[in-house]
Amino acid sequence: MFSVILMTLPMRFRLRKVKMDQRKLMDNANTITDMAKTQNTVYEIISDMSSRQDAIEERLTNLEDKMQSIQEHMESLPDLLSRCLTQHQERIEQRRNFLHPDTAAVAPIQAPTPQSMFNAAPMLFPHSR
C-alpha cells in the first residue's frame with residue numbers, strides 16, 4: 001500500500017502542476033481578451049477626440065473669419081462716418097442756402113474731418129432733438 005501511495009504522489013504533483021498551468025493559461029487568455037477590449041475602448045476614445053478636435057478647429061476658423069470681417073468693418077467705420085457726416089452737412093448747407101440765399105456766399109460751412117469728429121464735442125443735428 002505504501003508503494004501505491006509513493007507512485008500516486010508524483011502523479012498528484014503532476015496533476016497539480018497541469019492544473020496550475022491550465023489556470024495560468026486561462027488567466028493569460030483573459031488578460032489578452034481584456035487588453036483587446038481596452039484597445040477598442042482607447043481607439044473609440046481617440047476617434048471621438050479626433051472628431052471633436054476637427055469640429056473645434058472648424059469653429060475656430062469660423063470665429064477667426066468673423067473676427068477678421070468685424071475688424072475690416074471697424075477699420076472702415078471712420079471713413080463711413082466721415083462720408084455720412086459730410087453728406088449731412090452738405091444737405092444742411094443746401095437747405096440753408098435754399099431758405100436764405102443771401103448768406104450762401106458769405107459763410108460756407110466746413111465739413112468735419114475724421115480727427116475733428118473724434119476729438120470734438122458731439123454735434124447736435126436739428127432733427128435729432
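With unit charges on the beta carbon (Lys/Arg positive, Asp/Glu negative), name the residue among Q87, T61, F13 whose Cα is farthest towards the positive pole of the charge dipole of region 1-98.
Selected residue: F13.
Taking θ = phi - 60°, what integer Hz values does the Karplus form 6.51 cos²θ - 1.76 cosθ + 1.60 yield along region 50-59, in sequence order, with x for Gly and Pro?
Rounded to whole hertz, the list is 5, 5, 5, 5, 4, 5, 5, 4, 5, 5.
Based on Cβ point charges of +1 for Lys and Arg and -1 for Asp and Glu, what charge dipole magnitude is obtained for region 1-73 about its Cα centre, in debye rounded to the nearest 20?
1460
Listed highest first by mean packing, meaning other Cβ atoms within 10 Å per residue, what order do 83-96, 21-34 come in? Kindly include the intermediate steps, with their values, before the conclusion.
Numbers: 83-96: 13.0, 21-34: 10.0.
Going from most to least packed, we get 83-96, 21-34.
Once phi is turned into θ = phi - 60°, what whole-Hz ³J(HN,Hα) does the Karplus curve with 6.51, -1.76 and 1.60 give for every residue of region 36-45, x standing for Gly and Pro?
Once θ is set to phi - 60°, the couplings for region 36-45 become 5, 4, 4, 4, 4, 5, 4, 4, 5, 5 Hz.
Cut-off under 15 Å on the C-alpha distance; same-chain residues fewer than 8 positions from K19 excluded. Which aspartates and glutamates are left, in chain and number order?
Cα-Cα hits under 15 Å: D27.
FYI, it's all coordinate maths here, none of it is from the lab. Just so we're clear, the structure is a prediction, and the values are computed from it rather than from any experiment. Positions of Cβ are backbone-derived with ideal geometry, glycine not excepted, and every protein chain shown enters the neighbour counts.
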